[in-house]
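Each remark here refers to the structure printed beneath this line.
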Amino acid sequence: MKKCDICDKSGKVQYRVKSIEYKNWIFCCKVCWKTISKHEKYFYGGTRKSS
Ligand SMILES: [Zn+2]
């Protein structure tokens, strides 16, 4: 399993996102994704799944 770049929790699914606060692409968990999706200049770049 991969870790969330923000909260360091590991999980099977991560979301590739960036926003005004994260100018480079990061991978985050669902909880952090909900926060980031409210940021300005939020972009969604796909989903990563690990088996
Ligand atoms: Zn997280």
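If you filter region 16-34 down to residues that are assigned to a loop (DSSP other than H, G, I, E, B) and farther than 11 Å from I6 by Cα, you find that the one that is most open to solvent (accessible area, probe 1.4 Å) is K23.
What number of residues within region 3-12 satisfy the criterion of being more than 11 Å from the ligand (Cβ to nearest atom) and outside any loop (DSSP other than H, G, I, E, B)? So that I can check it myself, show each step before the final result.
Of region 3-12, the ones more than 11 Å from the ligand (Cβ to nearest atom) are 12.
Subsequent filtering for residues that are outside any loop (DSSP other than H, G, I, E, B) retains none.
The total comes to 0.
Every residue in region 35-51 that is part of a loop (DSSP other than H, G, I, E, B) and among the polar types (S, T, N, Q), please. Selection gives S37, S50, S51. Annotation note: Cβ proximity below 9 Å between a residue of region 12-38 that is without any contact (Cβ under 8 Å) to a residue 12 or more places away in the chain and a residue that is among the polar types (S, T, N, Q) and open to solvent by less than 40 Å² (accessible area, probe 1.4 Å) (sequence gap 6+ or interchain) occurs for K38/S19.
Scanning region 35-46 for residues that are under 9 Å from the mean Cα position of the chain (by Cα) and open to solvent by 70 Å² or more (accessible area, probe 1.4 Å) gives a single hit, Y44.
The values are calculated or read from the model by the stated rules, or taken from the named source; none is laboratory data. All values derive from a computational prediction rather than experimental measurement. We place every Cβ from the backbone using ideal geometry, glycine too, and count neighbours over all the protein chains shown. Accessible surface is based on the protein model in full, side chains and every heavy atom, while ligands, DNA and RNA are left aside. Shrake-Rupley method; radii C 1.70, N 1.55, O 1.52, S 1.80 Å.
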